[in-house]
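Worksheet for the structure shown next.
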Amino acid sequence: MPLKLLRIGNTSIAFFQTSLVCLIILGFASTYSFAQDPLKGWQWQNPLPQGNSINSIKFTSDKRHGWAVGGDGVVLKTNDGGFDWEEQESTANTTLYCIFIKDKSNLVISGARGTLLTTKNGGEKWVARKTNTRDHLFSVAFAPDNPLHGWAVGTFGTIIATFDGGKTWKAQATNTNAHLFSVAFANAKEGIAVGSRGTILITNNGGVEWKERKNVASVVLTGVTFTSQKHAIVVGYLGTILQTDNAGETWQPSPTLVHTDLYAVSFVNDQNGWAAGEGGVVLTTGDGGHIWLPVNVRTSPRLGAVFFADESVGWAAGADGLVLRTDDGGLSWRRLTQGGRDDIANIFFIDNSHGWAVGEHGRILFTNSGGKSWTVRPSNSTSNLNAVAFVNERSGWAVGDKGTILHSVNGGVTWTAITGPVSESLFGVSFVTENKGWVVGARGAVWTTDDEGNTWKFQQTNTMSWLEDVKFLDELHGIAIGSNGTILRTEDGGEKWKRVDRNLKEWLYALAFADAVHGYIVGAHGLVLRTEDGGQTWKDLESGVTANLFAVAAASRNDVLAVGDQGKIISSKDAGQTWELQETITSSSLFSIAYRGGTNVWVAGRGGAILRRVDPIATVSLPVSRLPPLLKGGSTKIPDAGGFDDGDIPRALPPKKP
């Protein structure tokens, strides 16, 4: 289970639900261009083109023009089959769940809080339509024989209909309070809507009357599509696939031999179809849905959307902005998106250009361009890495689960495993010289080395708390923090650790110092503490948020940023007396921040998310350090990983021009 939230206890459960209900209610290759909202001031650096979940992907019949929509109002468009994407301004700052393509000019999008958008120019301009509902609208569909007639379905049995192509919408009665997740119509009269609790609604008069078909299924049903005028397929949880030959009057189950939750279904004719879902599972059928064969996509990603243009070419998309393409009918899949999607636990910049990020499965990323591009550096470890720090431009350390300690002596180009003193997980690392440093972790563990990791000495803390972070200001003065409000302080290099009594019970996640006396701690439920005496005493500050704060960084004694759950970013320019909530472009939990003043701020977290500020937050700018040619990109070139398999889905390459 991923990183920081694993250690919160029961409060973390919601973040690991794989159900579609949790996903939707809470919530690409060669070149990329963006129309980022300048008011939000952030830009994606990983994954690319963006990292918010994709909930729906559709293409026109030419297999070139396609759109994808998802979290935080993202709308992506491609004109070359998905190899290049551009972001369109949707005017919606909310989750978008479904897109319906009438043709390459006329499209309709449905989303959270009653959002419905239409365009008649291929998305150059999206128009918000009045729906008179605040319910989330999970699916939208139009009649194949009449593009003026359309329906959208959503929470608590909501169905709204349009008879003018989407300009105006009117509610239809359903007599159910079940959430409806998908809707499809064979023609202007016959339609099917499916949802929670095995709900199946059918109509034969365009929605004037909806009838429920009971006792067909009890699991959540997530997708429905017509393959002919009377034949339809429904998919749902636990590998459920149902089919009907009479427009929904009666249903028969289809064996799938899998128990994976399925989220989406697509057919290109009455015989060839595909279903996709949790764990990278894609099912395919060539006999109209009677027999389904499974294919597993590498890395087992959650796939919330699937669409095929013909029997060979199709796309799938899902969590963390992932978009895939197949050209062989789904037998093999390749990525149209760049960058890894493993959670990032910690990010560290030594200047405004050179940085490192570490996270799940031993992932280490490196940039020498301020994050414009990130490369994977082999760590030779599969353990989750929880922290990274560099004492200078050469010497770096990373620590992680199962007592993992890694060391680099060449700026992070290569990493060597250090024989560690413990098997417990390590969460924090701090070095004051190339030789002298400390690591902290589970059960109050504190270990120190004064010979560059060759030997380690245990330091007694008299606590069994999980220690999340440690910072040494010099070789004598250090602070360690962790669970149960634990704050430990030493004035003798850790020979004696004393608890700073604040009567806290909250979990403390991170600390940062601007200088030898001014520092900050952040923790659960929006907790922020400040010290002005090197950590001897701490003052509780009002952050104005209740979300868990996982990381903090200070560019100066007054200029501080903190990040946490649901993409929360708060800033203060007056030493924490007042805080301002920053607008962002993601709702993904953020676990780490690197802040050097001005626009030199990076945040990182769930799903491999790395974002950089493009507009200044503060007026303070830290000096740029002088680096040797190894890191500056001078005469000594940083070697590439060459042939290194980073474990991800292979990248898709556009077809060569004849």
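Within the range 364-381, residues that are of a type in the set (D, E, K, R) reach partners that are outside any loop (DSSP other than H, G, I, E, B) with beta carbons closer than 9 Å, at six or more positions or on different chains, in the pairs LYS372/GLN45; LYS372/ARG612; ARG377/TRP356; ARG377/ILE364; ARG377/LEU365; ARG377/PHE366; ARG377/SER408. What do you reckon, is SER266 assigned to a strand (DSSP E or B) and closer than 24 Å to SER228 by Cα? Criteria met by SER266.
For VAL258, the stated conditions do not hold, so it cannot be described as surrounded by fewer than 22 Cβ atoms within 10 Å (Cβ to Cβ), at pLDDT below 95 and not in a loop (DSSP other than H, G, I, E, B).
Exactly one residue out of ALA319, ALA309, ALA387 is crowded, with 21+ Cβ neighbours inside 10 Å, out of contact with any Cys (no Cβ under 8 Å at 6 or more places or on another chain), over 16 Å from PRO47 (Cβ atoms) and not β-branched (Val, Ile, Thr): that is ALA387. Only one of the listed residues (ASP245, ASP270) is farther than 20 Å from VAL216 by Cβ, touching a His at 6+ places or on another chain (Cβ under 8 Å) and of a type in the set (Asp, Glu). That residue is ASP270.
Do the conditions hold for ASN503, that is, is it assigned by TED's automatic domain parsing to the domain that holds ASN384, over 29 Å from the mean Cα position of the chain (by Cα), over 29 Å from ALA547 (Cα atoms) and not charged (D, E, K, R)? Give the derivation first.
On the way: assigned by TED's automatic domain parsing to the domain that holds ASN384: yes; over 29 Å from the mean Cα position of the chain (by Cα): yes; over 29 Å from ALA547 (Cα atoms): no; not charged (D, E, K, R): yes.
No: the conditions fail for ASN503.
Looking at the structure I just gave you, is PHE142 in the same structural domain as SER182 (by TED's automatic domain parsing), over 18 Å from LEU76 (Cα atoms), of a type outside the set (S, T, N, Q) and assigned to a helix (DSSP H, G or I)? Criteria not met by PHE142. Looking at (1) outside any loop (DSSP other than H, G, I, E, B); (2) under 23 Å from the mean Cα position of the chain (by Cα); (3) more than 22 Å from ALA512 (Cβ to Cβ), can you tell me which one THR382 breaks? THR382 satisfies all of (1) outside any loop (DSSP other than H, G, I, E, B); (2) under 23 Å from the mean Cα position of the chain (by Cα); (3) more than 22 Å from ALA512 (Cβ to Cβ) except (1).
All of THR162, THR131 fail the test of being of a type outside the set (D, E, K, R) and closer than 21 Å to VAL74 by Cα, apart from THR131. For the range 129-136, the count of residues that are within 28 Å of VAL313 (Cβ to Cβ) and at pLDDT 95 or above is zero.
Of the candidates TRP447, TRP438, TRP397, the single residue that is in contact with a His (Cβ under 8 Å, 6 or more places away or on another chain), in a strand (DSSP E or B) and in the same structural domain as ASN380 (by TED's automatic domain parsing) is TRP397. With respect to the conditions (1) in a helix (DSSP H, G or I); (2) in contact with a strand residue (DSSP E or B) (Cβ under 7 Å, 6 or more places away or on another chain), VAL224 falls short on a single one, namely (1). Counting just the residues of the range 352-384 that are β-branched (Val, Ile, Thr) and surrounded by fewer than 20 Cβ atoms within 10 Å (Cβ to Cβ), which one comes out farthest from ILE610 (Cα to Cα)? Among them, the one singled out is THR382.
The values are calculated or read from the model by the stated rules, or taken from the named source; none is laboratory data. Owing to the predicted nature of the structure, the values given are computational and were not obtained by experimental measurement. Neighbour counts run over all protein chains shown; Cβ positions are idealised from the backbone, glycine included.
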